[in-house]
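Enquirer: Let me give you the structure first, and then I'll get to my questions.
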Amino acid sequence: MKNVENNALKSVILATLVSFIFCIQTFGLKIGYYDNFPLCYEENGEPKGLFIDILKKTFDVKSEKIEFVFGEFNGLLEELRMGKIDILTVVTDTQERRNIYKFNEEPVLTNWGVLVTNVPFKDIQELNGKKVAVNRGDIYYNEFKKLMNSFGIEIYFDEFDTYYDVLSNVNDGKYNFGVVSRLSYLVNSEKVPNVRQTSYVLSPVLLKFAFKKDIDYIFVQEIDRTIRNLKSNGEFEKLFNSYFLMKENKKFEVPGYLWIIIIVFLIASLGVVYLSHKISMKKLKREYERKIEGFREGIVKSSNENVVLNDKIYSKTFGIILSEKYSELAKRENRLLSVLVVKVENLEEKNRNIFENVLNNVIREGDFAFKYSENEYVIILFSYAAFVLESFRRILREKLLNSGFDIQFSLGFKVYNSEENRNIEKVILDALFEASKNSAF
């Protein structure tokens, strides 16, 4: 009993000592941030953003011991390399940068680059000889340049300081094309109505905090601990969503009698729209269920393989046909499809049922998956979520761990747009290639 009490006392003393040392060492800590809404930005001279929120929950940022330094991304990277600042927010973790900086382990977000335009666009060869607006020093700019060089496409790049500069120039028609992060396009889409995203997606990357090489590892550990706690208790998702729910509140007084008229009108209108939509969707659903059931019966009769492997998980043959049916429906309703590939490492046959049961539970109603190969599964989502990759990764990982099944997997993600993609099978192959490429890192 005494040994237990002594060990507990030692743990308390050790934790107190670590906290005391940590507080002392935060003296003079300089943190760099730049304009990358909503991850980090400046508002009325104050640092704001998701990464700043994480720092606020890790350190006492109001203390005189911590100084925030606002600047341009490339300049801040150089200051971090020289040790003039200690931490830089929102930095892509790459092997090349790991040779220069230190990174925390827990990624804050997964982001990817997108090609945006203000003109009709079908093929990447149309970019030959064109000017493209890019963000100076951006990882997606560099990846896009490599991609164009590999295709032998000659492009003239004009560099800007922020993603918003790129988007606004494309929106104003000064450039027909630009390369930005998916996040920046999402949060600024209402401000740039003339800009739309193409189907070309550039290398998903992990966004983390970068540190100067000789920083005390205690800072890295504390930030990682904060991120893990925020993700585990659900607070991270609330923080993230808060930046996409912010709207300008404008006061507008409406007389009481007008409210009654407006409410009655809205209820009647919504009732008509709802009934009309419900009737049309029922008819559409019956039509596709009938066609899909016909295909299914035909395949069952002509094939020796099992068509349905696990409720929402199908065989490859049926999965390809069902994908084509979904693409037809998406074209009719003018919607995008998300194509997600899960590549599992070393999936043994005895564990396959466990994995497929977990995957089946993750897939929402209306979506489906099919087994492409022994260790690759394709998921078709009849919706387009900007952060489906990060959300799916987290949910699948949690459910696998809860099932006592810890296994490594990589994801590939592509978007099917009926206006730009002729064949959904090509999009599936691109997503498979993306998953294989990600599994190599």
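The values are calculated or read from the model by the stated rules, or taken from the named source; none is laboratory data. Computed from a predicted structure; not experimentally measured. Positions of Cβ are backbone-derived with ideal geometry, glycine not excepted, and every protein chain shown enters the neighbour counts. Calculation scope for accessible area: heavy atoms of the full protein, side chains included, ligands and nucleic acids excluded. Shrake-Rupley method; radii C 1.70, N 1.55, O 1.52, S 1.80 Å.
Enquirer: Please work out if Leu206 is in contact (Cβ under 8 Å) with a residue 24 or more places away in the chain and within 15 Å of the chain's Cα centre (by Cα).
Expert: The answer is yes for Leu206.
Enquirer: Is it the case that some residue within segment 143-154 is within 26 Å of Arg97 (Cβ to Cβ) and modelled with pLDDT of 95 or more?
Expert: For segment 143-154, residues within 26 Å of Arg97 (Cβ to Cβ) and modelled with pLDDT of 95 or more: absent.
Enquirer: Could you figure out which of (1) out of contact with any Asp or Glu (no Cβ under 8 Å at 6 or more places or on another chain); (2) open to solvent by 30 Å² or more (accessible area, probe 1.4 Å) isn't true of Phe209?
Expert: (2)
Enquirer: Right, Asp93: within 25 Å of Ser150 (Cβ to Cβ) and surrounded by fewer than 14 Cβ atoms within 10 Å (Cβ to Cβ) or not?
Expert: So Asp93 does not fit the description; no.
Enquirer: Would you tally the residues in segment 225-234 being loosely packed, with under 14 Cβ neighbours inside 10 Å and at pLDDT below 90?
Expert: 3
Enquirer: Going by the conditions given, is Pro107 within 30 Å of Leu230 (Cα to Cα) and not aromatic (Phe, Trp, Tyr)?
Expert: So Pro107 passes the test.
Enquirer: Can I ask one more? Can you name every residue in segment 215-224 that is of a type in the set (Asp, Glu) and either in a loop (DSSP other than H, G, I, E, B) or open to solvent by 10 Å² or more (accessible area, probe 1.4 Å) (or both)?
Expert: Passing the criteria: Asp216, Glu222.
Enquirer: Also, quick follow-up: Restricting to segment 85-130, count the residues that are in contact (Cβ under 8 Å) with a residue 24 or more places away in the chain, within 28 Å of Val192 (Cα to Cα) and either over 20 Å from the mean Cα position of the chain (by Cα) or not in a strand (DSSP E or B) (or both).
Expert: Residues that pass the stated criteria total 12.
Enquirer: Could I ask something else about it? Would you confirm whether or not segment 158-173 contains a residue that is in contact with an Asp or Glu (Cβ under 8 Å, 6 or more places away or on another chain), at pLDDT 95 or above and either open to solvent by less than 10 Å² (accessible area, probe 1.4 Å) or within 23 Å of Arg393 (Cα to Cα) (or both)?
Expert: Looking through segment 158-173, none of the residues is in contact with an Asp or Glu (Cβ under 8 Å, 6 or more places away or on another chain), at pLDDT 95 or above and either open to solvent by less than 10 Å² (accessible area, probe 1.4 Å) or within 23 Å of Arg393 (Cα to Cα) (or both).
Enquirer: Do we have Asn188 as open to solvent by less than 20 Å² (accessible area, probe 1.4 Å) and in contact with a helix residue (DSSP H, G or I) (Cβ under 8 Å, 6 or more places away or on another chain) here?
Expert: In short, yes.
Enquirer: Report yes if Gly178 is under 20 Å from the mean Cα position of the chain (by Cα) and at pLDDT 90 or above, otherwise no.
Expert: yes
Here's the yes/no breakdown for (1) hydrophobic (A, V, I, L, M, F, W, C); (2) out of contact with any Pro (no Cβ under 8 Å at 6 or more places or on another chain); (3) under 30 Å from Asn417 (Cα atoms); (4) modelled with pLDDT of 90 or more:
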position: Val69; (1), (2), (3), (4): yes, yes, no, yes
position: Glu78; (1), (2), (3), (4): no, yes, no, yes
position: Leu88; (1), (2), (3), (4): yes, yes, no, yes
position: Ile100; (1), (2), (3), (4): yes, yes, no, yes
position: Asn104; (1), (2), (3), (4): no, yes, no, yes
position: Trp112; (1), (2), (3), (4): yes, no, yes, no
position: Leu115; (1), (2), (3), (4): yes, yes, yes, yes
position: Asn118; (1), (2), (3), (4): no, yes, yes, yes
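Enquirer: Answer yes or no as to whether Lys65 is at pLDDT below 90, open to solvent by 30 Å² or more (accessible area, probe 1.4 Å) and in contact with a Leu (Cβ under 8 Å, 6 or more places away or on another chain).
Expert: Taking the combined requirement at face value, the residue satisfies it.
Enquirer: Output the number of the condition that Glu79 fails; it satisfies all remaining conditions of (1) in contact (Cβ under 8 Å) with a residue 24 or more places away in the chain; (2) under 30 Å from Phe177 (Cα atoms); (3) part of a helix (DSSP H, G or I).
Expert: (2)
Enquirer: Considering only residues that are outside any strand (DSSP E or B) and touching a Cys at 6+ places or on another chain (Cβ under 9 Å), which ones fall in segment 32-58?
Expert: Those that are outside any strand (DSSP E or B) and touching a Cys at 6+ places or on another chain (Cβ under 9 Å): Tyr34, Gly49, Leu50, Phe51, Ile52.
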